[in-house]
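Asks: Got a structure here, written out as structure tokens. Questions coming.
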Amino acid sequence: MPSLYKDMFPTRLRTNRLQNPLGVSRDLLRLSWEAAAGQEKFEIRLSEQRGTFQWTSGEISSSEFHFTLPEEAGIRSRTAYIWQVRTWAGGEVSQWSDEAEFETNIDSSEWRARWIGASISPTKIQTLYFRKEIEIPENVVSARAYSTALGWYHLYINDSQVTGHSVVPR
């Protein structure tokens, strides 16, 4: 009789309880998933985005549906990762899960920006606009802007709002 377990795979993969989050701290990365009842073991594999898998947990005997990445996984700041998990039950192994993603934030030690501001009157309500023109090399494939403010703000690049339609800060 064929087993159904090997045709199943873990689902609802999360990193720190979020689906495919951006800007997570690398200090404590907890991966979680849902799998069929009776899980006896699991294995996680991890890679920088779209690369070959560079780290594996090996088979871990546990019925828990979560795992905290150890320092040996080599997680770096400002880096996108993909990960997958597979589980064992009744001596049979599941298929690898679909890929999940996360991207780590910038470490405070790497922050090189300086705060900008303006002298304003505490009794006068006004909107402040800050603008900076920069030259970007033509060969850029992707980029990430790290921005923050005291209060609400919108970030524009080439006259296009890139902060989305939700209330900022996020």
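Asks: Counting only protein heavy atoms and a 1.4 Å probe, tell me what percentage of the chain's accessible area is made up of carbon and sulfur.
Replies: Answer for the chain: carbon and sulfur cover 50 percent of the accessible area.
Asks: Taking 8 Å as the Cα distance limit and 6 or more residues as the minimum spacing, I'd like the relative contact order of the chain as a percentage.
Replies: Relative contact order here is 22 percent.
Asks: Next up: Please compute the alpha carbon radius of gyration of the chain, then divide it by the globular-protein estimate 2.2 N^0.38 Å. Two decimals is fine.
Replies: Relative to the 2.2 N^0.38 Å estimate, the chain comes out at 1.39.
Asks: At 0.36 nm per residue, and after removing the present C-alpha to C-alpha distance, how many nm does the segment from Arg76 to Gln49 gain when stretched out fully?
Replies: Extra length from Arg76 to Gln49 when fully extended: 8.5 nm.
Asks: What residue among Val141, Val93, Val85 has the largest mean-square fluctuation in a Gaussian network model of the chain, using Cα springs under 10 Å?
Replies: Per the Cα network of the chain with a 10 Å cutoff, Val141 tops the list.
Asks: Please compute the per residue accessible area over the range 1-146 with all protein chains in place, 1.4 Å probe, rounded to a whole number of Å².
Replies: Spelled out: the 1.4 Å probe surface of the range 1-146, per residue, equals 73 Å².
The values are calculated or read from the model by the stated rules, or taken from the named source; none is laboratory data. The model shown is predicted, which means the values in this text are computed figures rather than measured ones. Note: accessible area is taken over every heavy atom of the protein model, side chains too, but ligands, DNA and RNA are not part of it. Shrake-Rupley method; radii C 1.70, N 1.55, O 1.52, S 1.80 Å.
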